[in-house]
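Colleague: For reference, the structure I am asking about is given below.
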Amino acid sequence: MTDDVAPVESLDPALRRPLTFSARRRARPPRHLADAALPERGQWAVEAGVPAFRADQLSRHYFGHLTRDATAMTDLPVAGRETLVERLLPALLTEVRTLEADRGATLKTLWELHDGARVESVLMAYPDRITVCISSQAGCGMACPFCATGQMGLTRNLSTAEIVEQVRHAARTSADGALGAPARLSNVVFMGMGEPLANYAAVLGAVRRLVEPVPGGFGLSARSVVVSTVGLVPAVDRLAAEGIPVTLAVSLHAPDDALRDDLIPVNARWKVGELLDAARRYFEATGRRVSIEYALIRDINDQAWRARLLADELNRRGRGWVHVNPIPLNPTPGSMWTASDRAVEAEFVATLTRAGITTTVRDTRGSDIDGACGQLAAQANKGGAR
Ligand code: SAH
């Protein structure tokens, strides 16, 4: 299921722009209906001077018709309609640019938030589904050395509505036929910028909006939502207890602590064994098979013995509860690391498969716009970009 995501290293270099001091001091993002569940939205409508049921109508436009265009809301009184929409469905994202890859099947959008912070989302068409990869934070505090966002540090958490708005926009774009024929967005993966479980409350709010039926939310199936984590163990257990069976992806990248300590700094706090135990508990609580993400880095973590160790660690905890997604490393600028040789990758996969573990090499969408992005950002610095 998660063989379809654009890993964060596809992030636009323009994202590395630091926030100014004045931007940091600015207030939280404006309040938006998507920040809350239906009853609270009714309350906000009343505070805005209209009856509570207006919140329900606005919610149907937003989550059902995927629009915040006041002129389309003909069931609302014309007088004050614009103001009401501005107040309850404020614009949260401004498009900076959108790049196309994979002959139009991938659209990567760079967004600016109200305070100048920037995030990215990626919309991807597949024969059987439409997936959007979204950001949960501007930057990231996890500092994984192979990851572009990890090098930026954390700017700030996104609000629930800032996360939901990326999905709403993707769903609208897809419904409008931007990927070819008009199509319904089906899958959402939290694999853009940020560590979702480090912004737990806002991410959980967004997950609820994704799965609640209209007008509460978009009515997506929980199983088509993937939350990907470096492995914040207490938060994994908390997510397991929420009763929303989203798919959990664990960014493991090494089966041994000696190496994982270097690749994923938070491994200093929660070790491979503790993380895999939590992943197994997640499977038991939700019945959802867990995805193990494993970026294959040449001569670093791609040895056959590590594939065997990974298989042993997974099988020791049961059968059929997990699948592995090796991802060819997408090298970040200036990094010494690169993707494994094809033959080494094939051997890694074969070792896991022989051990009875379902293994699918993840498709790296949009790799052809990474280079283009770098060029665009370079042009932007010279004042020549769009
Ligand atoms: N912070 C979360 C979600 C964002 S990263 C997490 O770590 O899971 C989404 C996935 O892309 C993770 O599995 C991450 O390890 C992977 N990734 C990051 N940088 C990468 C790179 N340069 N090449 C390949 N995969 C990468």
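Coordinate-derived values only; no laboratory data. The model shown is predicted, which means the values in this text are computed figures rather than measured ones. Don't worry about glycine lacking a Cβ; one is built from the backbone with ideal geometry, like all the others, and counts go over all protein chains shown.
Colleague: Only loop residues by DSSP count here, and only those with at most 16 other Cβ atoms within 10 Å; note down the trypsin sites (Lys or Arg not before Pro) in region 178-241 that meet that. Don't skip to the answer; put the middle values down first.
Modeller: Numbers: sites: R184, R208, R209, R223, R238; in loops: R184.
Listed in order of number, the matching sites are R184.
Colleague: S186 versus D237, label points 7 Å from Cα toward the beta carbon: distance in nm?
Modeller: The modelled label-to-label distance comes out at 3.6 nm.
Colleague: What does the convex hull of the Cα atoms come to per residue for region 33-88, in Å³?
Modeller: Working: hull volume 3.9 nm³, N = 56.
Each residue corresponds to 69 Å³ of Cα convex hull volume.
Colleague: Hydropathy at least -1.0 by Kyte-Doolittle, axial extent at least 20 angstrom from the Cα trace: which helices of the chain, defined as entire DSSP H runs, fit?
Modeller: On the way: long enough: 160-175 (22 Å, -0.30); 272-286 (21 Å, -0.13); 367-381 (22 Å, -0.07).
The answer, listed by residue number, is 160-175, 272-286, 367-381.
Colleague: Once the Cβ-Cβ distance between A48 and A91 is put in as r, and R0 is 22 Å, what FRET efficiency do you end up with, to the nearest 0.05? Don't skip to the answer; put the middle values down first.
Modeller: Working: r = 16 Å, r/R0 = 0.75.
Rounded to the nearest 0.05, the efficiency is 0.85.
Colleague: While we're on this one: Taking the Cβ-Cβ separation of D341 and W305 as r and a Förster radius of 22 Å, what is the calculated FRET efficiency to the nearest 0.05? Mind dumping the intermediate values first?
Modeller: Working: r = 16 Å, r/R0 = 0.75.
Here the calculated transfer efficiency is 0.85.
Colleague: Roughly what would the spin-label model give for A201 and D261, points 7 Å off Cα along C-beta, in nm?
Modeller: Once both label points are built, they end up 3.5 nm from each other.
Colleague: Can you check how the C-alpha radius of gyration of region 287-351 compares to 2.2 N^0.38 Å, as a plain ratio? Display every interim value, and only then the final one.
Modeller: Values: Rg = 12.9 Å, N = 65, 2.2 N^0.38 = 10.7 Å.
Its radius of gyration relative to the 2.2 N^0.38 Å reference: 1.20.
Colleague: Return the FRET efficiency for the residue pair L38, R319: r is the Cβ-Cβ distance, R0 is 56 Å, and the value is rounded to the nearest 0.05. Provide the component values of the computation, followed by the final result.
Modeller: Details: r = 42 Å, r/R0 = 0.74.
For R0 = 56 Å, the calculated efficiency reads 0.85.
Colleague: Between R103 and D128, how many nm apart are label points set 7 Å from Cα along the C-beta direction?
Modeller: Those two pseudo-labels are separated by 2.1 nm.
Colleague: Treating the beta-carbon of each Lys and Arg as +1 and of each Asp and Glu as -1, no other charges, what is the dipole magnitude of the chain about its Cα centre, to the nearest 20 debye?
Modeller: Working: 45 positive and 44 negative charges, 116 e Å.
So the dipole magnitude of the chain works out to roughly 560 debye.
Colleague: Provide Rg and Dmax in Å for region 90-209, with only Cα atoms included in the calculation.
Modeller: Reported Rg and Dmax, both Å: 13.9, 39.
Colleague: Read phi for every residue in region 145-152 and hand back ³J(HN,Hα) as whole Hz from Karplus 6.51 cos²θ - 1.76 cosθ + 1.60, θ = phi - 60°, with x for Gly and Pro.
Modeller: 3J(HN,Hα) across region 145-152, in whole Hz: x, 8, 10, 4, 5, x, 7, 7.
Colleague: If you bin the C-alpha pair distances of region 94-381 every 10 Å from 0, what whole percents do you get?
Modeller: 6, 28, 37, 23, 5, 0
Colleague: Indicate, rounded to the nearest 5 percent, the antiparallel portion of the DSSP beta bridges found entirely in the chain.
Modeller: Values: 22 of 44 bridges.
About 50 percent, rounded to the nearest 5.
Colleague: With unit charges on the beta carbon (Lys/Arg positive, Asp/Glu negative), name the residue among V226, L92, A138 whose Cα is farthest towards the positive pole of the charge dipole of the chain.
Modeller: L92
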